[in-house]
Amino acid sequence: MKLFIVHGMLWLLALVSLTGCGGNIVDWAKGQVSQGCTVKQNLTQARCYVRADRIYDVFNLEGSFAILWLSDPVLHTYATLRAHMQGTTPEQERVRLAQKHADDKRFISFYVLSACDMALGQKNSVWTLLLSVDGARYQPYEIKEVELPREYALIFGKYHNHFKIPYLVRFKANNHAGTPIITPTTSCVALHLRTFTKECAFEWGVPR
């Protein structure tokens, strides 16, 4: 029994010693295994367009969303990330993006991450979406479940996980008269999510 106690105390002392020099051990380990070169991507500007919230009814979770407006700064960051991975330049990727998605200028688009048990865009969906610009409300042109490109997953950061389903939500950029919804005087846009009993709004300033 005494021998057992002695061994236990020795192990405890060893753990305390390891804790005190943990930084040295990590540094030693890094020196033994190739770490590659760390690449720092500037995601600050794009992440300014991420909005997230969790909506409760008392303690019952009613909705959990993370939303990214595909504004010009976000698209530029996307092009920069792709350029890094493809070995091209951001300018080349922006041209490729414009050519591949030539019709995207006709839409105001968002990626919406919704909890797996809170489907969007279906007849029985609890939550509906509306776009609000300069006091007018607009219905979505399209809501579809998609595979989120890894560049946008990186921008979402901690909000992107296996418990959320990504959707692409698009609104027509022009109204019925053919006039752009977002004008030079528009200061902000808002995406509203609502049920019969709950509503939340996610707002963005319009980049100039």
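Below are the figures for this structure:
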quantity: Segment 120-139 residues that are exposed (fewer than 12 other Cβ atoms within 10 Å of the Cβ), paired with ones that are aliphatic (A, V, I, L, M) (beta carbon under 6 Å, 6 or more apart); calculated: Arg137/Leu130
quantity: Residue match in segment 27-45 (condition: open to solvent by less than 90 Å² (accessible area, probe 1.4 Å), at pLDDT 90 or above and in a helix (DSSP H, G or I)); calculated: no
quantity: Residues within segment 68-88 that are open to solvent by less than 70 Å² (accessible area, probe 1.4 Å) and in contact (Cβ under 8 Å) with a residue 12 or more places away in the chain, tallied; calculated: 13
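The values are calculated or read from the model by the stated rules, or taken from the named source; none is laboratory data. None of the values given here were measured: they were computed from a predicted structure. FYI the Cβ positions are ideal-geometry reconstructions off the backbone, even for glycines, and counts take in every protein chain you see. When the accessible area is computed, the model is the full protein with side chains, heavy atoms only, and any ligands, DNA or RNA have been set aside. Shrake-Rupley method; radii C 1.70, N 1.55, O 1.52, S 1.80 Å.
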